[in-house]
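The values are calculated or read from the model by the stated rules, or taken from the named source; none is laboratory data. As the structure is a prediction and not an experimental result, all values here were calculated from the model. So basically every Cβ, Gly included, is an ideal-geometry build from the backbone, and we count neighbours across all protein chains shown. These accessible areas exclude ligands, DNA and RNA; they are computed on the full protein's heavy atoms, side chains included. Shrake-Rupley method; radii C 1.70, N 1.55, O 1.52, S 1.80 Å.
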Amino acid sequence: MQITQPTNIIGKPVPLIDGLKKTTGEGIYTDDIKLPGMLVGKILRSPVPHARIVKLETSEAEALPGVHAIVIGKEAPNTFGVLPISEDETAMAVDKVIYIGDCVAGVAADDEEIALQALSLIKVEYEELPEYRKIEDSLKPAAEPIHPETVNGTNIHKEVDQNFGDVEAARAGSAYVREAEFEFDGVTHAFTEPHCVIAHYDADDRMTVWSAQQVPHYLHRALAKVLDVPMHRIRVIRPMVGGAFGGKSDPFPHEMIAALLSRKCRRPVKILFDREEVFITNHGRHPTRTQIAMGIDEKGKLTFLDLKARIDGGAWGSFGVVSTYYNGVLCMGPYIIPNFRYSGKRVYTNKPPSGAMRGHGAVNSRFAMEVLIDELCEAAKLDPCDFRLQNLLPPNSKTINEFRITSNGTKECIERARQASGWDKKFRKLPPGRGIGVACGFYISGSAHRIHFNELPQSTVHLKIDMDGGITAHCMAAEIGQGSDTMLAQCVAEPLGVNLDRIRIFSSDSDADPIDLGSYSSRVTFMAGNAAREAALKIREKLANAAQKITGYPAEGFVLQNEELIYTPDPRVRVTFMQALEKALANNGALIAKGKYMGPPPIGGKFKGARAGLSPTYSFQCYIAEVTVDLETCETRVEKVWAAHDCGKALNPLAVAGQIEGCIHMGLGQALMEEMPYNRGNILGPNFLDYRTLTPMQMPEVDVIIVESDDPEGPFGAKEAGEGPLLPILPAVANAIYDATGVRMRSLPMTADKIWKEMYGKRELRKIRPRAVVA
């Protein structure tokens, strides 16, 4: 008998289950935690960008009353990093400092005033070394490389060269070819909650660390390596996280320093950053220089993509090896590209480290690609929406670099955004100063392969139900504000047919919750969601068997809905959830089940770098933006965005819409105003007064269009909605600015002065591009 389980809570708008705790102030963040005898930790930072430490004297600071511990780099020389193939960080500088703000020493004291006074008493003598502040400088052989393991004595951290098909032949045979260079300033995450960590080495010689983290498991590994103790003697707890966006997805030096200080003085130690320290820690989007060439044939089909990316990684490796690959390979969708060549180089510089930021590795190259597509359409007199439609990857296909495409809703995304926006009535027909632009996107739903090569699950969920009827779900998937706890609750509640108020999510404690690799690469919904669903189905089977014992009817005939088990052939036969639970518990005890997600079936190629960008599935987007540009001041305002996103299945449409709107807000910041300028290695304006983000008054109206392609491997058909929705907004706005003004913007952010320079700053004043109907 084949019975279809009715829908209970999937697909319905659900408020986030932790929302009230956050909005009422009941939520506990790291800085809210107070422990008996807790000390204040502070970090001495380097005032110079690159120098050898000749002398480091701490005796005067150690003698200061109220100081309980001081640690320096030589006490903890073990390296760490989020990627095991690029562990180049230390808790503090051991022999030399490599950027302004690099950690030199840590102090634990009774209060902040004493800790800061102690920092001033630490004497450091530096021997300054050659500085490498620009990408082009770090590409050359270095007199003093920033790190010992670089490419051929330069400061190149990672280089990637990939070639598929015959790009030169395709270029020669193309009817239209366009090439351009693009420049992208670095940007940072601008999350609300600053970094904060508490470490306590307790009487049992066990280390407990509370930290605002996206990746508690990787922090756990790094602490064990730096402290040189086994992982079972360390406990990691993730309190509520006040925003992250990739900026808390590394293990950090300040977490190691807090642990080292606590172990030394056997007292709890808290380190709370001020905003300048957050900027100095950075790990934001890489400053990038991109060269790109593309071509199309006479029928309007893409013929090749030739891409070069030169990426400024700052002082540490972080996710940089992956970033270098992603800048190329995440251009492989949503279009059919028969010939592809990519050259990527990531360099170390004496600046704060770059790392992962929402849309990691894909945002800058996507901007260049989508703007160049618009130029090709202009040259060939093709409508940009029509062009994109005729070049799409079909569902259930492969890219030239062997990415497996399962579900793909890009066609519906384009068609619905086009219709909703009135594209056909507006494109190249609006008055000067008003414009409309389109762009598409493509992003991973988690990485198909683990960072650490092993056979452990990527995500595990444990469920327990006891006589009270409450369902506890345990999983270390990090709730960072994106709604993953709510998603887990839905994925458990749906197969069991129960209300969300029965579900209690525990996702913060490494002692109690099974491993999930963390909240990065848009992996949690797909991976933890599948694990939660698998565990719930095992519990469902136990409850159905209990219903069979109560009624005598076969278990396979029961569906679970509205807190009841209903026998489908005769709906009058019903058992309440609590009745079935009581029967299942009899002579057995608590119901326990485990679900796991290992990964997709074997996919991908055999060439070097084939793993990079492989994902169980991909999300797709199409955005259309309408802008106004003041033709005198060149100030740009985005008036409205039509945002179509293929998320497979919207488990919670309310949360999906929120993620899309949040991505648009963040993307518009990078597109129009956000930048991190430097002066001799110093960040200029490391605060929220000088670092401009989009205000509520500047946020446009957004028409969210949710497209559901029903992925065959996603939990209930779902895939990601947290990062991919950022990608198209930047190029859509750039293409709209061109429609409004006739100038192509190749540098981000697209500030008024840059637009003015392109329009009026040349020797001869440009005319506003005349309107023309596209053939």
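Each residue in region 337-355 was checked for being under 27 Å from Q482 (Cα atoms) and open to solvent by 10 Å² or more (accessible area, probe 1.4 Å), and 0 pass.
Before we move on, is K345 touching a Lys or Arg at 6+ places or on another chain (Cβ under 8 Å) and not hydroxyl-bearing (S, T, Y)? Yes. Looking across region 454-489 at every residue that is under 25 Å from E582 (Cβ atoms) and not hydrophobic (A, V, I, L, M, F, W, C), the one that is surrounded by the most Cβ atoms within 10 Å (Cβ to Cβ) is identified as H474. With respect to the conditions (1) in contact with an Asp or Glu (Cβ under 8 Å, 6 or more places away or on another chain); (2) outside any loop (DSSP other than H, G, I, E, B); (3) surrounded by 15 or more Cβ atoms within 10 Å (Cβ to Cβ); (4) β-branched (V, I, T), V48 lacks only one, and its number is (2). For G681, the test of being crowded, with 18+ Cβ neighbours inside 10 Å, of a type in the set (G, A, S) and out of contact with any strand residue (DSSP E or B) (no Cβ under 7 Å at 6 or more places or on another chain) is passed. The criterion of at least 2 residues that are closer than 23 Å to I603 by Cβ is met, among helices (runs of 4 or more DSSP H) falling completely within region 296-411, by 320-329, 363-380. Taken over region 533-562, residues that are surrounded by fewer than 16 Cβ atoms within 10 Å (Cβ to Cβ), among the acidic types (D, E) and in contact (Cβ under 8 Å) with a residue 24 or more places away in the chain amount to 1. As for region 116-127, it holds no residue that is assigned to a loop (DSSP other than H, G, I, E, B), under 17 Å from A315 (Cβ atoms), open to solvent by less than 80 Å² (accessible area, probe 1.4 Å) and touching a residue at least 24 places away in the same chain (Cβ under 8 Å).
In region 625-651, the residue that is nearest to M697 (Cα to Cα) out of those that are assigned to a loop (DSSP other than H, G, I, E, B) and open to solvent by 20 Å² or more (accessible area, probe 1.4 Å) is E635.
There is at least one residue in region 592-600 that is touching a Pro at 6+ places or on another chain (Cβ under 9 Å), open to solvent by 10 Å² or more (accessible area, probe 1.4 Å), assigned to a loop (DSSP other than H, G, I, E, B) and at negative phi.
Pairs are defined by a Cβ separation below 6 Å, a sequence spacing of at least 6 or placement on different chains, a first member in region 378-395 that is within 14 Å of A439 (Cα to Cα), and a second member that is modelled with pLDDT under 95 and of a type outside the set (F, W, Y); the pairs so defined are D383/V774.
Comparison of P13, P65 shows that the only residue that is at pLDDT 95 or above, open to solvent by 70 Å² or more (accessible area, probe 1.4 Å), in a loop (DSSP other than H, G, I, E, B) and under 30 Å from D501 (Cβ atoms) is P13. Candidates are the residues of region 577-591 that are surrounded by fewer than 16 Cβ atoms within 10 Å (Cβ to Cβ) and more than 42 Å from the chain's Cα centre (by Cα); the one that is farthest from L500 (Cα to Cα) is N587.
Suppose we filter region 601-624 for residues that are outside any strand (DSSP E or B) and either open to solvent by 30 Å² or more (accessible area, probe 1.4 Å) or aromatic (F, W, Y) (or both); how many remain? Adding up the residues that qualify gives 7.
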